[in-house]
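Right, one structure below, let's go through it.
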Amino acid sequence: MATKKTDDCTPEELRLPLMEAMTDHVAFDGWTETALRRAAEDVGVTPEVAELAFPRGAIEVLELHLEDADAVLAKALAERDLASMKIRDRITVAIRTRLELNMGEQEVIKRGLATLALPQHMALGSKALWRTADVMWRAAGDTSMDHNWYTKRATLSAVYSTVLLYWLNDSSEDCADTWAFLDRRIENVMAIEKAKFQMREACKNAPSLSRFLGRLRYPGI
């Protein structure tokens, strides 16, 4: 619960204290206006002041919560020696770090996912997932500028989301089952990437269908 004196805070300065206070109520009330009103009481401001801080209401608090989680993740990964690791290990560490940072917040995350699954919020959910994948890849040292930039983040988004859902329902000691599941998912992705590379290499010297058709139409080329 926030304890900082808020009488003289601006709406912008109240955003973080309100978000932190609201997470204490999300497990019971969800990411709702009720939870936001109770957070306002905890912080010591009126609902009207809370509305000034979050004009779009509870969904804007959830959006800030997701952005803050990515900022915390980026800082945590910057403190790890990822450069000395293989790519697969960098990504494994990135996903595991995100989940470890969220230990004890499973119910808050479940409530968030339920909110983001609503049709009116699906775009926000997709944006947040993509941003998290981007944070992980940047921390892993990715500098791609071509189509690989998109495919890497799309693949990682799929891996992270499946591992996240598994973790939310994992009752094993120290989440051992989740870490094993994460390793299997990373192994599957690496196998697919290896197969794609081998296919590209095999096709380098293969006859071009378009060139063959072009010769049929224009024999001189």
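The values are calculated or read from the model by the stated rules, or taken from the named source; none is laboratory data. Everything numeric in this text was worked out from a predicted model, so none of it was measured. Every residue, glycine among them, receives a Cβ derived from its backbone with ideal geometry; neighbour counts consider all protein chains shown. Accessible surface is based on the protein model in full, side chains and every heavy atom, while ligands, DNA and RNA are left aside. Shrake-Rupley method; radii C 1.70, N 1.55, O 1.52, S 1.80 Å.
Read through the list (1) farther than 23 Å from R185 by Cα; (2) in contact (Cβ under 8 Å) with a residue 24 or more places away in the chain, then give the number of the only condition that I87 fails.
With respect to (1) farther than 23 Å from R185 by Cα; (2) in contact (Cβ under 8 Å) with a residue 24 or more places away in the chain, I87 is out only on (1).
Can you spot a residue in segment 76-98 that is hydroxyl-bearing (S, T, Y) and either surrounded by 16 or more Cβ atoms within 10 Å (Cβ to Cβ) or touching a helix residue (DSSP H, G or I) at 6+ places or on another chain (Cβ under 6 Å) (or both)?
yes
Going by what's in this entry, would R131 be described as touching an Asp or Glu at 6+ places or on another chain (Cβ under 7 Å), open to solvent by 30 Å² or more (accessible area, probe 1.4 Å), basic (K, R) and assigned to a helix (DSSP H, G or I)?
Against the criterion (touching an Asp or Glu at 6+ places or on another chain (Cβ under 7 Å), open to solvent by 30 Å² or more (accessible area, probe 1.4 Å), basic (K, R) and assigned to a helix (DSSP H, G or I)), R131 qualifies.
Determine if segment 167-183 includes at least one residue that is within 11 Å of the chain's Cα centre (by Cα), free of Cβ contacts under 8 Å to residues at least 60 places away in the same chain and open to solvent by 40 Å² or more (accessible area, probe 1.4 Å).
no
Being more than 18 Å from D89 (Cβ to Cβ), modelled with pLDDT under 95 and assigned to a helix (DSSP H, G or I) is the filter; apply it to segment 134-156 and report the residue that is least open to solvent (accessible area, probe 1.4 Å).
Ranking the candidates gives R153 first.
Quickly run through segment 99-125 and pick out the residues that are among the aliphatic types (A, V, I, L, M), open to solvent by 70 Å² or more (accessible area, probe 1.4 Å) and over 17 Å from S157 (Cα atoms).
L101, M103, L118
Taking segment 34-64, which residues are open to solvent by 50 Å² or more (accessible area, probe 1.4 Å), among the charged types (D, E, K, R) and touching a residue at least 12 places away in the same chain (Cβ under 8 Å)?
The answer is R37, R38.
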